[in-house]
1. Where residues in the range 412-465 are in a loop (DSSP other than H, G, I, E, B), open to solvent by less than 30 Å² (accessible area, probe 1.4 Å) and not aliphatic (A, V, I, L, M), which of them is modelled with the lowest pLDDT?
2. Among the residues of the range 334-375, what is the count of those that are of a type in the set (S, T, N, Q) and either in a strand (DSSP E or B) or away from the ligand (no atom under 16 Å from the Cβ) (or both)?
3. How about the range 164-208: which of its residues are open to solvent by 50 Å² or more (accessible area, probe 1.4 Å), charged (D, E, K, R) and within 16 Å of the ligand (Cβ to nearest atom)?
4. For the condition acidic (Asp, Glu), exposed (fewer than 15 other Cβ atoms within 10 Å of the Cβ) and within 30 Å of the chain's Cα centre (by Cα), what is the one hit in 365, 390?
5. How many residues does the range 122-137 contain that are within 48 Å of the chain's Cα centre (by Cα) and open to solvent by 70 Å² or more (accessible area, probe 1.4 Å)?
6. Identify, from the list 773, 751, the residue that is closer than 17 Å to residue 697 by Cβ and open to solvent by less than 20 Å² (accessible area, probe 1.4 Å).
7. What's the number of the condition residue 291 fails, among (1) farther than 22 Å from residue 218 by Cα; (2) touching a residue at least 40 places away in the same chain (Cβ under 8 Å); (3) open to solvent by 30 Å² or more (accessible area, probe 1.4 Å)?
8. Among the numbered conditions (1) β-branched (Val, Ile, Thr); (2) in a loop (DSSP other than H, G, I, E, B); (3) modelled with pLDDT of 95 or more, tell me where residue 743 comes up short.
Amino acid sequence: MLPRATVGVLFFLGIVPSMAQESRGHISVVLLGATGDLAKKYLWQGLFQLYLDEVSNGHTFTFHGGAQAELERGRKLMYDHLKDLACPLDVLPNRCAVMKDQFLRLTDYRQLKTEEDYATLNQEIQTLLVQEGLEEAGRIFYFSVPPFAYAEIARHINSSCRPPSGAWLRVVLEKPFGHDLHSAQQLADELKTFFQEEEMYRVDHYLGKQAVAHILPFRDQNRKHLDPIWNRHHVERVEIVLKETVDVKNRTSFYEEYGAIRDVLQNHLTEVLMFLTMELPANVSNSEDVLRSKLQTFASLQDLEKNSAVLGQYEAYNSHVREELQKGQDYFSRTPTFAGVLVHLDSLRWEGVPFILTSGKVLDERVGYVRVVFKNQAYCTQHEATWDPEGSQCKPKQLIFYIGHGELNSPAVLVSRNLFKPTMPGSSWKELLDRPQERLFGQRLSDYHVYVPVAERDAYAILISRIYHGKKESFITTENLLASWQFWTPLLTTWANEVPRVYPGGQENGHLLDFEIAGGEVSFVVKETLEVMDARDRQTPDKYKTIQSRFRQSHLITAWSEELVTRLASDIETVAMSAIRRSGEFHMALSGGSSPLALFKQLALHHYGFPWRHTHLWLVDERCVPLSDPESNFGNLYEHLIRHVRVPYFNVHPMPVHLNRRLCVEEDKGPELYANEIGALVANASFDLVLLGVGTDGHTASLFPHSPVGLEGNQEVVFTESPIKPHQRMTFALPLINKAKRVWVLAMGKGKHDIVTVVSRAGNEPKKWPISGVNPTSGQIAWYVDYEALLG
Ligand code: BG6
């Protein structure tokens, strides 16, 4: 029997009383932006679904559409959307018609602009509740409005439309949640003044996609199978992909500010990455545990570098921007519409496994998926025709969370039959057995266990239901949001002024956007041919000929930077070989800074025959920071070279800047220790090769102009001060450098042109320009200077 007052309101609203049970209180749902595009496409339908699913569970509802438009216009716009509400397949048409009618009766439109409008809404909700004798359970405010409007609406809700104590408030926010770490923090701080963290539900609609929402439960239910293989020993790589065919016409004012990384990678694909990589909490539906684990995983993401990404822009993008944003013909946008990013994690579980995140507009197909490719060590001697898909270790092993569209045109979970037979929640996923001959990712569907949802549900409908149930693990908390921006912002900054590769779009893209992974970096497979030489060289097939001449009366090698680095790397290999032939060892001291990084990568990637086993690596200079600090020269050497090559550990000699748990303290005698080590291992303390750079102020190693130490005297290794941070350094002194058999100086980039010009004419004036004091006593000096540094 229904409580009397509930019967009253249900009658009042035209709802058949027998469908309701005991009243659990009333819920008011306020959709802000009720006439907008998102509301039209998804939100009203999601709210209708909520009503269908939950009305018989004891809550009563009213729905209030709010927007800026005045009453008549707004109402018309909103009802235009509402008349298109569709009936889900699992609801009988007659029942659906009745429910739709009820839903419409429970829905009104109101202009929500001013504080008074919110106060009136509040008053009306209260009056209704009092009249009908209902308890208030809670209020949901769905912000389907641009973020610049958030603060004002939040203020009005907070001051005039909060539910009374005992009832909950849930405000639902749609992205973008900021533009970078700073703006996201600002927005979060602002919202915090109006709402409690538990009141905010930040939507990432990918968390409502059935295949994505199923990742954690799937991992949980299949722990038995996954525990042994969900790690770097078994997983070869993971692809997280959202490809789209649409362009961004009519959205350029948003898109031009955001681009592919902010629009899709920072949120949707990152969240998917987290679900895949986080350590599984004991209870995967406990929001706090999931969040804690997610934050730990964020902390283990390796920093992204410029070469962690390849970016593209579809060809017609500029014309769309010029047209919609009234820009002149000379306006060229740098906003990427395509991004491929390589992510690594520093965790025992995932170290070394490449996670490839890709998304783009105007590509050849629309599809979203996660593909986990497992390593396969088996070699099968029998013919493929006899391989049994279930037991054979020869076929590819893959686990796929198919998010949607594409060839399957449905969400799905696919597990290669030779991996395991998964456990799926019986009621919501069913096995797909037809279409066995279709192929996906190189295998027939019959080679997989394939599961599809029993009923396909839209992501927004799922999320709206979760908001109603207060399931916060499907939403983005402030900490989660900021962790994600913290990860992405440096890459966005690095790329801000770079020009993405232009692609024609669709099938015509061919292989233009294919990219490859090597040495922890990504690059396009089809390299851009750079027109580097002048017209005379157009005919020459070998465009990148290096020019050799003299610099400071010494050997000069010059070319475009890429070629120069290639040449330098191969010269180093030649020298290493000959040193080893002569003495069995090759001692090379390397400088820090950014110029040698390209060299390290070149050595790591292309010199498979390099005699690392007999090579000793030393540092010319080091910053007084822990070796794990991003500023550490050793850290960079490790990251870009050492960890990719097979140099014996005992041949690696970092500078001892961190002794006795403190940095560069005189009494710890770090310089002496290093000098002694050199004395003990390097014959006559004469290195086979010392590689130097040159700073714009003429410094080399960490010997700065007017340094009181290191430019002369007996000390071989010294502490110095740099004018820029980190100030304290340890470095080879000039006399030690000048003892070397070879000293090679690398200078690259336009920024070095002035100092290169100065030094080319300067005499031996180390106090003024320490680099000019590099004059090996009996060894050889060579200058590797690229065209930009040499010619400006
Ligand atoms: C949105 C992005 O968040 O996600 C869009 O702003 C993108 O640019 C969309 O098209 C993709 O979502 P779906 O559900 O179509 O895969």
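1. Filtering the range 412-465 for residues in a loop (DSSP other than H, G, I, E, B) gives 417-428, 432-438, 441-442, 454-458.
Right, trim to open to solvent by less than 30 Å² (accessible area, probe 1.4 Å) and you get 418, 420, 422, 424.
Imposing the further condition that a residue be not aliphatic (A, V, I, L, M) reduces the set to 418, 420, 422.
On the way: 418: 93, 420: 96, 422: 97.
Going through the qualifying residues, I end up with 418.
2. 3
3. Answer for the range 164-208, where residues must be open to solvent by 50 Å² or more (accessible area, probe 1.4 Å), charged (D, E, K, R) and within 16 Å of the ligand (Cβ to nearest atom): just 175.
4. Values: 390 fails: within 30 Å of the chain's Cα centre (by Cα).
Exactly one residue qualifies, and that residue is 365.
5. Residues flagged as within 48 Å of the chain's Cα centre (by Cα) and open to solvent by 70 Å² or more (accessible area, probe 1.4 Å) within the range 122-137 amount to 3.
6. Working: 751 fails: open to solvent by less than 20 Å² (accessible area, probe 1.4 Å).
Of the residues listed, the single one that is closer than 17 Å to residue 697 by Cβ and open to solvent by less than 20 Å² (accessible area, probe 1.4 Å) is 773.
7. (1)
8. Going through the list (1) β-branched (Val, Ile, Thr); (2) in a loop (DSSP other than H, G, I, E, B); (3) modelled with pLDDT of 95 or more, residue 743 breaks only (2).
The values are calculated or read from the model by the stated rules, or taken from the named source; none is laboratory data. What you see is a predicted model; the values in this text were computed from it and never measured. For neighbour counting, all protein chains shown are included, and Cβ atoms are generated from backbone atoms with ideal geometry for every residue, glycine included. Ligands, DNA and RNA are excluded from the accessible area calculation, which covers all protein heavy atoms including side chains. Shrake-Rupley method; radii C 1.70, N 1.55, O 1.52, S 1.80 Å.
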